[in-house]
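Worksheet for the structure shown next.
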Amino acid sequence: MLILAKAAGIAILVWFYLTAKEKGQPAFQWAIIGVIGYWVAWWAFKLTALAPLAALFTKSPTMIFLVTQIPALCGMAAAYFIRKKLLADVAAKSE
């Protein structure tokens, strides 16, 4: 059931690593920042809001499956904004 979460975590690791290499920044550090940001957002949503949302759809296994993917989507959104912030910092530093 966590296939999307695991795949997204790996994709974010690679995405941050390649972006850092492209910008001449420490690639390993960026990759770790991206993955940690993703997993913190994933866990925060999972621990706070997932149970009440899943409780709304107890009779529909399909909806429960879809709702349990929401933490991965929140983690991906957090990773996007973290990457955007890192890129803005690089642009500001190069000026």
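Values quoted throughout were computed directly from the atomic coordinates according to the rules given, and no laboratory measurement underlies them. As the structure is a computational prediction, the values presented were derived from the model and not from experiment. Because the Cβ atoms are built from the backbone with ideal geometry, glycine has one as well, and the counts that use them run over all protein chains shown.
Each residue of segment 49-58 in order: what ³J(HN,Hα) in whole Hz does its phi give by Karplus 6.51 cos²θ - 1.76 cosθ + 1.60, θ = phi - 60°, with x for Gly and Pro?
10, 5, 4, x, 5, 5, 5, 5, 10, 5
Per-residue ellipticity at 222 nm for the chain, helices alone: DSSP H runs ≥ 4 residues times -39500 (n - 2.57), over residue total, nearest 500 deg cm²/dmol? Mind showing how you got there, number by number?
On the way: 5 runs with 77 residues, N = 95.
Mean residue ellipticity at 222 nm (helix-derived): -26500 deg cm²/dmol.
Hey, could you pull the Cα Rg and Dmax for the chain, both in Å?
Every Cα atom of the chain included, Rg and Dmax give 15.8, 56 Å.
Among Val40, Val35, which comes first, then next, by fewest other beta-carbon atoms within 10 Å? Spell out each step's value before the answer.
Numbers: Val40 13, Val35 18.
Fewest to most other Cβ atoms nearby, the residues stand as Val40, Val35.
Taking the Cβ of Ala78 as the centre, find all other residues whose Cβ is under 14 Å away and add up their charges (Lys, Arg: +1; Asp, Glu: -1).
Working: positive: Lys46, Arg83, Lys84, Lys85; negative: none.
Here the count lands on +4.
How high is the FRET efficiency between Leu50 and Ser94 when r is their beta carbon distance and R₀ equals 41 Å, given to the nearest 0.05? Walk me through the numbers before you get to the answer.
On the way: r = 40 Å, r/R0 = 0.98.
That gives a FRET efficiency of 0.55.
To the nearest 10 degrees, how steeply does helix 70-94 sit against the main Cα axis of the chain, on a 0 to 90 scale?
In the chain, helix 70-94 runs at an angle near 10 degrees to the longest axis.
If we count other beta carbons within 10 Å of each Cβ, what is the order of Tyr38, Tyr17, fewest first? Intermediate values should be presented prior to the final figure.
Numbers: Tyr38 26, Tyr17 18.
With the fewest neighbours first, Tyr38, Tyr17 line up as Tyr17, Tyr38.
May I ask you to sort Ile12, Ile3 by Cβ crowding, counting other Cβ atoms within 10 Å and putting the fewest first? Write out the running numbers ahead of the final one.
Numbers: Ile12 23, Ile3 9.
Ordered from fewest to most neighbouring Cβ atoms within 10 Å, Ile12, Ile3 come out as Ile3, Ile12.
Give the total of Lys-Lys pairs in segment 3-94 with Cα-Cα distances below 15 Å; include a pair only if its members are 8 or more places apart or on different chains.
Values: Lys6/Lys46; Lys23/Lys84; Lys23/Lys85; Lys23/Lys93; Lys84/Lys93; Lys85/Lys93.
Final tally of qualifying lysine pairs is 6.
Compute the distance from the alpha-carbon center of segment 80-95 to that of segment 1-22, in whole Å.
Centre-to-centre distance over Cα atoms comes out at 18 Å.
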